[in-house]
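What follows draws every value from the coordinates through simple rules; no lab data is involved. Worth saying up front: this structure is predicted, and the values here are computed from it rather than measured. Note that we place each Cβ from the backbone using ideal geometry, even for glycine, and neighbour counts take in every protein chain shown.
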């Protein structure tokens, strides 16, 4: 007869310690791979912007000194910009300056490009954030309703709303919105971020005017700023709503065909609980990536909206710089937008792993 022996506590501790070290090494390998992927992507972004800055038919020296500058002045500025060096040396200098936050000086504003970006980007963040909130709060329920009423009139109505959001040009919709809600009905404020009367009253803390006005307790400025941002945020939010509702509907249709939904219904769970808790709970995981990419696209794609509404954001800054042949500002803004895309993509990936144990 075999007698069971108690496990050796020392061996158990050794086994657990080895398993813990193996998990830690696995996490370190994944983190190192993720970091290498991010750095490689950012390096590719810098390489692309460097090549664009060199192949465009624009002489950065002439943009600075003018076409009537003396030859010695032209040569001196060209040497200061290191444009007389080999391309690989120029690329190394370019990377070194970018990593230090030096994007050069804007020809249009005569200020460092980074200073301009820090000044204009908060307005775009504020606009895109409100638009994304509107798109998520309305788009997700619309997508769920469309999936649960598949093939019936609510589904057709929601699909038409999404189709219009994809098809109508944003500048036309903005002009119509200004004509109706500002010029005719006077429900919202006009173009710009703030009325002239309220400018420079609130001290900028975060750069986000709504938050700064709330911090200062100036409710008049807050109300005026909200009245200005309401219409452009609604226009952008409509396009975000169209994309998010369509993706939500697609994900929900797939989930509602799964066996766990059929089992939940067979067990007698209410339709509300099956749809809004179980199916939507699984849909929210891929929607994290959809929402993050939608937010990133609004941050860089609000150029037309900012132009129509005279919104002092990064998109309008890049557009004005491009029209004025200010390549330092254009490339600096492009790098910032690209870095935002990379950061939001990384954040969505981390959230996906955090919310879904299978991804971990």
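Here are some notes:
- Computed on the chain, with alpha-carbon pairs under 8 angstrom and 6+ residues apart, the relative contact order is 24 percent.
- Peptide packing for 84-90, 313-319 was compared via the average number of neighbouring C-beta atoms within 10 Å per residue; ordered from the highest value, the list is 313-319, 84-90.
- Per-peptide packing, taken as the mean over residues of other Cβ atoms within 10 Å, places 19-30, 149-160 in the sequence 149-160, 19-30 from highest down.
- Cα gyration tensor, segment 34-122 - rounded (a/c under 1.5), prolate or oblate: oblate
- Each of the peptides 334-340, 127-133 was scored by the mean count of other Cβ atoms within 10 Å over its residues; in descending order, highest first, they stand as 127-133, 334-340.
- Projecting label points 7 angstrom from Cα along Cα→Cβ for residue 88 and residue 15 puts them 5.6 nm apart.
- Choice from 269, 222, 285 with maximal GNM fluctuation in the chain (Cα, 10 Å cutoff): 269
- Mean residue ellipticity, 222 nm, helices only, the chain: the sum of -39500 (n - 2.57) across DSSP H runs of n ≥ 4, divided by residue count and rounded to 500, is -24000 deg cm²/dmol.
- By the count of neighbouring beta-carbon atoms within 10 Å, fewest first, 291, 342, 93 end up ordered 93, 342, 291.
- Cα shape, segment 120-324, gyration tensor, a/c 1.5 rule: prolate
- The calculated FRET efficiency for the pair residue 118 and residue 285, based on their C-beta separation and a Förster distance of 41 Å, comes to about 0.75.
- Counting neighbouring Cβ atoms within 10 Å and putting the fewest first, the residues 294, 106 line up as 106, 294.
- The mean sequence separation of alpha-carbon pairs under 8 Å and at least six residues apart, normalised by the residue count of segment 194-237, gives a relative contact order of 36 percent.
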